[in-house]
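Peer 1: So that we are looking at the same thing, I have put the structure below in structure tokens.
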Amino acid sequence: MTTERIEGSFVALITPFNQDGSIDYGGFETLLEFQRTHGTSAVLIMGSTGEVSMLSPQERKEIVTRTLRFRSGDMKMYYGCTGQHTEGTIDYVRHAAAEGADGAIIAAPAYVCASTSAIVDYCLDVADASPIPLGFYNNPPRVATDLGVEDILRLAEHPMFTILKESTTRVAQIAQLCAAQPDLSLMCCCAPNLGLVVPLMALGGHGTANMSGNVLPAEMATISTPWRHDGDAFACRQAWLENLPMLHFLYSEVNPVAVKSLMGAFGLPAGPLRRPLQGLDRSALTTGLEIARQLGLDDKYGYDLGRPLAAAV
């Protein structure tokens, strides 16, 4: 199977809710168009940024069905399909495929804390059953299991695995993977504390799988452009350094607390977080709004930085 490699900014979208806690599908349509307009290559719906662990199985399948109706243009639509076990993951992947998804992202199931060899076998079992391309999210802070270079290269041998999102703190692992040149889109998390983005892009990575693109879509598209010319490198460096205060702010609380709270303050469709998560307090939101003002995001994107904060939290 030959699959076009995804490059550039792969944005993990929030899940917008109405005030009564139901899913805001009109908000989803608005957010998807916002990403398309500002250079995003692909979106991941129902990743950790999308509060997937707090969605019911019925909601997860409905989100796939209904958001795919908003597909337009070249932006790819991927879905988080990790279940609590192998068969549950396969079921989510097959459902997404049947509805027309471009691909699925999976991770190690939460709370299982399985060995690396067990998770490799789990991934390969899912890949054998998948009709659509898969990505693997190596995210040990969330799930405990941590795949190393050899484990990831084993996954890359399977034709259905086409994307890696790396979220360890090991720059050396990024370098080894770039040197091995597997048939994968090599991407990483945009968290500035991990320190992976600039090394990955400098070593030949293909982009970032990021959540900061929810509020900085054009900036993350620049940062995530593969370095083929000097201009790509200089543009990445400039955008990374200029937006570093916002990147740090967006990771100041567990994802997606900061990004979703700030989106609500901007006037974007966001809605409340699902309990037990709670939005940022007024002081923290004021800090985020000031960073946005200094970056000129109100002029660039039309964000309303003067909205009453009580209405945004």
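The values are calculated or read from the model by the stated rules, or taken from the named source; none is laboratory data. Since the structure is predicted, the reported quantities are computational estimates derived from the model, not experimental observations. Reconstructed Cβ throughout: ideal geometry from the backbone, glycine too, with neighbour counts over all protein chains shown. Accessible surface is based on the protein model in full, side chains and every heavy atom, while ligands, DNA and RNA are left aside. Shrake-Rupley method; radii C 1.70, N 1.55, O 1.52, S 1.80 Å.
Peer 1: Kirkwood Rh over alpha-carbon pairs of the chain, then Stokes-Einstein at 10 °C and 1.306 mPa s: what D in µm² s⁻¹, rounded to an integer?
Peer 2: For these conditions, the coefficient is 82 µm²/s.
Peer 1: Highest mean first, how do 275-286, 58-69 rank when packing is the count of other Cβ atoms within 10 Å averaged over residues?
Peer 2: 58-69, 275-286
Peer 1: So what is the 222 nm mean residue ellipticity for the chain from helices alone, if each DSSP H run of at least 4 adds -39500 (n - 2.57) and you divide by all residues, rounding to the nearest 500 deg cm²/dmol?
Peer 2: Only helices count here, giving -13000 deg cm²/dmol.
Peer 1: Let me ask something additional. In terms of modelled amide H atoms, which long-range or inter-chain residues lie less than 5 Å from the amide H of I23?
Peer 2: N18
Peer 1: Using the Cα centre of the chain as origin and beta-carbon charges of +1 (Lys, Arg) and -1 (Asp, Glu), tell me which of A98, L289, Q58 is placed farthest towards the positive end of the dipole.
Peer 2: Looking along the dipole axis, the top candidate is L289.
Peer 1: Let me ask something else. Rg and Dmax of the stretch 1-130, Cα atoms, in Å?
Peer 2: Taking only Cα atoms of the stretch 1-130, I get Rg and Dmax of 14.8, 44 Å.
Peer 1: Which one, N193, F34, A270, is farthest towards the positive end of the dipole of the chain when Lys and Arg carry +1 and Asp and Glu -1 on their Cβ?
Peer 2: Selected residue: A270.
Peer 1: With θ taken as phi - 60° and the coefficients 6.51, -1.76 and 1.60, list the Karplus ³J(HN,Hα) couplings across the stretch 190-206 in order, rounded to whole Hz; mark glycine and proline as x.
Peer 2: Per-residue couplings from phi come out as 8, 4, x, 5, 6, x, 9, 4, 5, x, 4, 5, 5, 8, x, x, 9 Hz.
Peer 1: Out of residues 5 or more away from N210 or on other chains, whose amide H comes under 5 Å of its own, with H placed 1.01 Å from N in the peptide plane?
Peer 2: For N210, whose amide H was placed from the backbone, the distant partners under 5 Å are F10, V11, A12.
Peer 1: How many nm is it between the label spots at F234 and H158, if each spot is 7 Å from the Cα in line with the beta carbon?
Peer 2: 4.4
Peer 1: If I take the Cα coordinates of the stretch 90-179 and project them onto the principal axes, what are the three extents in Å, biggest first?
Peer 2: 38, 30, 18
Peer 1: Turning to a different aspect of this structure: For R5 and H85, what is the calculated FRET efficiency with R₀ set at 51 Å and r taken between the beta-carbons, to the nearest 0.05?
Peer 2: 0.95
Peer 1: Let me ask something else. Choose one answer from P16, P245, P217: the residue with the largest mean-square fluctuation in a GNM of the chain with alpha-carbon springs under 10 Å.
Peer 2: Highest fluctuation of the listed residues: P245.
Peer 1: Let me ask something else. So what are the ³J(HN,Hα) numbers for the stretch 285-297, from phi and the Karplus equation (6.51, -1.76, 1.60; θ = phi - 60°), rounded to whole Hz, Gly and Pro as x?
Peer 2: Computed from phi, the couplings for the stretch 285-297 are 4, 4, 4, x, 5, 5, 4, 4, 5, 5, 7, x, 5 Hz.
Peer 1: Let me ask something else. Apply the Karplus curve 6.51 cos²θ - 1.76 cosθ + 1.60, θ = phi - 60°, to the phi angles in the stretch 218-235 and return the couplings in whole Hz, x for Gly and Pro.
Peer 2: 5, 5, 5, 5, 5, 4, 8, 6, x, 7, 10, 9, 4, x, 5, 5, 5, 5
Peer 1: Here's something else I'd like to know. Please state the relative contact order of the stretch 184-243 as a whole percent: Cα pairs under 8 Å, 6+ residues apart?
Peer 2: Relative contact order for the stretch 184-243 comes out at 28 percent.
Peer 1: Check which residues have an amide H placed less than 5 Å from G80's amide H, if you skip close sequence neighbours.
Peer 2: Those lying under 5 Å, H to H, from G80 are I45, M46, G47, I105.
Peer 1: Hey, got the dipole for the chain? About the Cα centre, +1 on K and R Cβ, -1 on D and E Cβ, debye to the nearest 20?
Peer 2: Computed about the Cα centre, the dipole is about 420 debye.
Peer 1: Determine which aspartates and glutamates satisfy two conditions relative to K300: a Cα distance under 13 Å, and not lying fewer than 8 residues away in the same chain.
Peer 2: Partners within reach: E219.
Peer 1: Taking the solvent-accessible surface of protein heavy atoms with a 1.4 Å probe, what is the per residue accessible area of the chain in Å²?
Peer 2: 41
Peer 1: On full extension of the chain, what length is gained from Q176 through R307, given 0.36 nm per residue of separation minus the C-alpha to C-alpha distance?
Peer 2: Net length gain for the segment: 42.5 nm.
Peer 1: Could you give the nm distance between label points at C113 and R274, where each point is 7 Å from its Cα heading toward the beta carbon?
Peer 2: 2.4
Peer 1: Could you work out how far apart the two model spin labels at S53 and R293 are, taking each label as a point 7 Å from the Cα in the direction of the beta carbon, and quote it in nm?
Peer 2: 3.5
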